[in-house]
Amino acid sequence: MAIGKKHKEAAALSSSSSPLLPADRKALLLLLLLLIVLLARPAASSDGVRYDYRAYTECKSHPEPALYNGGILRWANKVTDFRTEDDGNYSPAFVLYNMSAATVYSFSCWVKIDGPTTAHVKAKILTLANAASQCLGTALVRNDCWSFLKGGFTLNSASETSVLYFQFAIYSLQTASPNASTISIRSASLQPFSPEQWNQHREDRIQLNRKRFVNVHVADSNGSRVVGAKVAVHQITRDFPFGSAISRTILGNKLYQEWFNKRFNAAVFENELKWYATEPYPGKEDYTVADQLLQFVQANDAVARGHNIFWEDPKYTPAWVKNLTGSQLRAAVSGRIESLLSRYKGDFVHWDVSNEMLHFDFYENRLGGNATVDFFDTAKRADPLATLFLNDFNVVEVCDDLSSSADSYVSRLRQLADGGVTFEGIGLEGHFGKPNIPYVRAVLDKLGTLRLPIWLTEIDISSSFDPKTQAAYLEEVLREGFAHPSVDGIMLWTAMDTNASCYQMCLTNQNFTNLPAGDVVDKLLGEWQTKETLGTTNDRGSFNFSAFLGEYKLSVTYLNLTAEGTFSLAHSDDTKHINIRLSPSC
């Protein structure tokens with residue numbers, strides 16, 4: 001890989017907000033490339049470079065140093081004023097050569113604008129061979145401080161010449177014209193990783209965050225260490241919540257229930273708790289199906305997410321509620337929260353309070369800007385033990401939906417905090433087309449700075465792909481989510497309906513034979529648990545191993561002596577030490 005050199009390679013290049021540049025702009029871009037590309041040099045090697053999870057959501061008076069010392073853009077950090085002075089059609093850009101389709105690229109920079117008070121800035125990569133452009137990262141940028149943009153990309157095919165450039169979209173209407181704007185870039189970094197390196201970073205994080213080292217010390221009745229004792233460890237439960245949506249079709253279906261219970265320790269109801277399902281007519285509440293689903297989940301020692309209290313999309317608001325205004329609507333929403341949460345107080349670990357409010361505003365539009373704050377306050381009083389979530393789509397799935405960028409999510413959380421809501425949980429739906437995995441990691445990095453529980457709440461892959469492709473994309477998403485230190489749980493959106501079909505992706509057919517996506521789930525569940533560990537104590541009377549977090553059964557045997565017990569592994573940087581005393585009374 002190679003890049004251009006010195007200031008001219010960072011010249012302002014023509015850009016467009018459409019995925020493909022218009023023909024005249026493509027011609028202009030090619031001409032500009034011929035003029036500014038004077039010299040190319042090899043890209044820096046990524047050997048031994050570890051992925052940098054650092055991210056920032058606060059706007060700073062000065063940009064931080066570039067990650068990876070700039071990576072293959074380290075030359076750009078010598079430019080002290082890297083910006084454009086032209087009208088709104090132009091932006092800073094990097095010309096890149098010999099980009100590989102097998103390489104994972106992580107990008108970051110600090111951004112500031114002049115002109116509007118606030119704007120969204122997108123970083124995009126354009127491959128000149130086919131004029132295809134894809135978004136690789138966004139930031140909500142201000143004119144009085146520097147904002148951090150982090151993203152990434154992989155290419156569908158190798159590219160001899162590509163351009164990494166920036167666009168902006170006005171965030172507030174109370175701003176100057178975009179034609180009066182400029183974009184300034186500092187501390188730009190583009191770091192390549194091989195697939196093997198990227199996967200190794202995942203494995204390292206799994207060892208650090210999902211597993212723990214254990215040292216079993218065995219002694220006799222006199223306290224002397226026993227050498228050669230046989231140790232057997234069996235995992236009973238998994239700590240990490242991994243589950244799926246279920247619906248009424250699982251009730252009374254023994255095969256479905258057995259299939260589900262064999263795999264999952266968490267569940268969410270697809271539709272059965274939504275307002276239109278529990279109260280289709282005013283005052284006519286029916287929780288029968290929801291009660292039965294909850295009983296099934298609890299009988300199998302799984303945790304349940306409450307989805308949802310309110311759905312901001314008018315399309316899924318009960319028809320009778322749409323006709324209410326003012327005090328009548330306030331009474332209805334208050335009754336909804338009180339009825340739902342008093343009935344299920346303590347039963348659901350989470351509640352999605354306002355579903356998809358980054359995209360829709362049914363209730364705030366009718367009840368005022370404090371409506372969501374009131375929802376959270378009322379819900380917290382009704383069930384203080386439940387963690388209250390916002391939940392939305394396109395946060396990790398795509399880069400182009402500015403309504404639900406990572407920064408938009410953070411901005412909304414901060415607005416609620418200003419209204420008195422305590423930050424509690426971040427729900428990311430995850431209805432993917434083709435996932436951009438480095439972008440997913442970058443978004444999780446940014447949201448992780450808030451130190452809140454993050455759950456991937458509705459993971460699936462579009463049915464526009466064949467089952468094998470769905471499975472391959474699902475595996476990448478699940479591996480990325482499980483490995484990321486900020487993710488606390490994963491839920492699949494794979495409930496089976498009465499026709500043995502699913503919203504987008506099924507794991508099994510109606511005979512409960514795995515489809516390709518189900519095989520992926522089983523493979524990963526096998527990797528992410530310590531089924532059995534066997535060994536013998538060493539010359540110091542110890543046996544050490546690494547195991548996934550959860551509950552375990554331990555058995556130690558030496559000659560005719562046996563000791564049994566249980567222990568739990570919670571997250572800690574320390575090794576778990578277990579002392580076993582063997583005696584005839586054991």
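The values are calculated or read from the model by the stated rules, or taken from the named source; none is laboratory data. Predicted model only: the values in this text are computed from it and were never measured. For neighbour counting, all protein chains shown are included, and Cβ atoms are generated from backbone atoms with ideal geometry for every residue, glycine included. Accessible surface is based on the protein model in full, side chains and every heavy atom, while ligands, DNA and RNA are left aside. Shrake-Rupley method; radii C 1.70, N 1.55, O 1.52, S 1.80 Å.
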- Assigned charges on the beta-carbon of Lys, Arg, Asp, Glu; the chain dipole about Cα centre (debye): 1180
- Message: Taking percent of Cα pairs over 40 Å apart straight from the coordinates, which label in [x] 23; [y] 36; [z] 47 is the correct one?
- Response: [y]
- Accessible area (Å², 1.4 Å probe, nearest 10) - His359: 50
- Task: Report, in whole Å, the centroid distance computed from the Cα atoms of segment 217-267 and segment 471-487.
- Result: 21
- Task: Using a 1.4 angstrom probe on the protein heavy atoms only, line up Glu551, Glu356 by accessible area, largest first.
- Result: Glu551, Glu356
- Query: Protein chains only, probe 1.4 Å: how do Arg225, Arg540 rank by accessible area, largest first?
  - Reply: Arg540, Arg225
- Round to a whole number: what % of the accessible area of segment 240-528 belongs to carbon and sulfur, probe 1.4 Å? 47
- Note on the structure: Protection proxy (average C-beta count within 10 Å per residue), highest first, orders 140-151, 501-512 as 140-151, 501-512
- Item | Shape call, segment 240-528: gyration tensor on alpha carbons, a/c limit 1.5 | oblate
- Note on the structure: For Lys553, counting only lysines whose alpha-carbon sits under 29 Å away and dropping same-chain residues fewer than eight positions off, the answer is Lys211, Lys230, Lys254, Lys262, Lys523, Lys531, Lys576
- Task: Sum up the charges of everything whose Cβ sits under 14 Å from the Cβ of Val227, counting Lys and Arg as +1 and Asp and Glu as -1, but leave Val227 out.
- Result: +1
- Note on the structure: Ranking Asn156, Gly369, Val398 by how far each Cα lies towards the positive end of the charge dipole of the chain (+1 on Lys and Arg Cβ, -1 on Asp and Glu Cβ), the top one is Asn156
- Item | Contact order normalised by residue count of segment 240-528, Cα under 8 Å, 6+ apart, percent | 17
- Query: Any idea what the dipole of segment 419-511 comes to, in debye rounded to 20, about its Cα centre with Lys/Arg Cβ at +1 and Asp/Glu Cβ at -1?
  - Reply: 220
- Any aspartates and glutamates whose Cα falls less than 12 Å from that of Lys322, other than same-chain ones fewer than 8 residues away, would be Glu312, Asp313
- Go through Ala290, Cys109, Phe168 and say which Cα lies farthest out towards the positive end of the charge dipole of the chain; charges sit on Cβ, +1 for Lys and Arg, -1 for Asp and Glu. Cys109
- Query: Roughly what angle does helix 406-418 make with the longest principal axis of the chain, taking Cα atoms, 0 to 90 degrees, to the nearest 10?
  - Reply: 70
- Query: Relative contact order for segment 246-351 using alpha-carbon pairs under 8 Å, separation at least 6, rounded to a whole percent?
  - Reply: 30
- What are the residues whose amide H is under 5 Å from the amide H of Ala495, where those residues sit 5 or more places off or on another chain and H is modelled from the backbone? Ala245, Tyr503
- Towards the positive end of the charge dipole of the chain, with charges on Cβ (+1 Lys, Arg; -1 Asp, Glu), say which of Leu136, Pro584, Asn253 has the farthest Cα. Pro584
- Taking Lys446 as the anchor, which lysines have their alpha carbon closer than 22 Å to its alpha carbon, excluding any fewer than eight residues away along the same chain? Lys60, Lys112, Lys122, Lys124, Lys150, Lys434
